[in-house]
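Please read the structure below before turning to the comments.
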Amino acid sequence: HAIQERFGFISEQAVHWVANKLELQPINVLELVTFYPMFQKRPVGKWHLKVCRTLSCALAGSHKIHRHYCEKLGLNPQAHGPQTTKDGKFTVEFVECLADCGRAPVLMCNETLHGNVTEQKAGEILEDCQ
């Protein structure tokens, strides 16, 4: 967490450094970095929009929210993994469970969790980031 907070992402070099300090194999650290959505392997935009894609959110329309953001920001809604706008301002990413299934669909904008997100509400969240 400290590396993520300081640098904004966890590089391959950082994975090896942490593994060495903890006397682990780098794969043991990389497994954690790639599993949890709060860790990033590349720099992300100033505004990181994480849209939940697990079952309750998918059934409630999270794919529409993801597509809405991609179309508004000029990103590819079919691409896998996080995508950052050319100006580095926004990153849009589908993530696994954000642990608020009762308010599906949910998304996080940086560290703020939003529930019951409609396309209109998604647009308002994006406007607040401007």
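Structure summary
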quantity: Number of positions in region 89-114 that are touching a helix residue (DSSP H, G or I) at 6+ places or on another chain (Cβ under 8 Å) and on the phi > 0 side of the Ramachandran plot; calculated: 0
quantity: Yes/no for GLU96 being more than 14 Å from ASN116 (Cα to Cα) and touching a Lys or Arg at 6+ places or on another chain (Cβ under 8 Å); calculated: yes
quantity: Strands (runs of 3 or more DSSP E) (entirely within region 62-125) containing at least 2 residues that are open to solvent by less than 60 Å² (accessible area, probe 1.4 Å) and among the aliphatic types (A, V, I, L, M); calculated: 90-95, 107-109
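The values are calculated or read from the model by the stated rules, or taken from the named source; none is laboratory data. Because the structure is predicted, anything quoted here is derived from the model rather than measured. Using ideal geometry, Cβ is built from the backbone for each residue, glycine included, and neighbour counts are taken over all protein chains shown. To get the accessible areas, we keep the full protein, side chains included, count just its heavy atoms, and leave off ligands, DNA and RNA. Shrake-Rupley method; radii C 1.70, N 1.55, O 1.52, S 1.80 Å.
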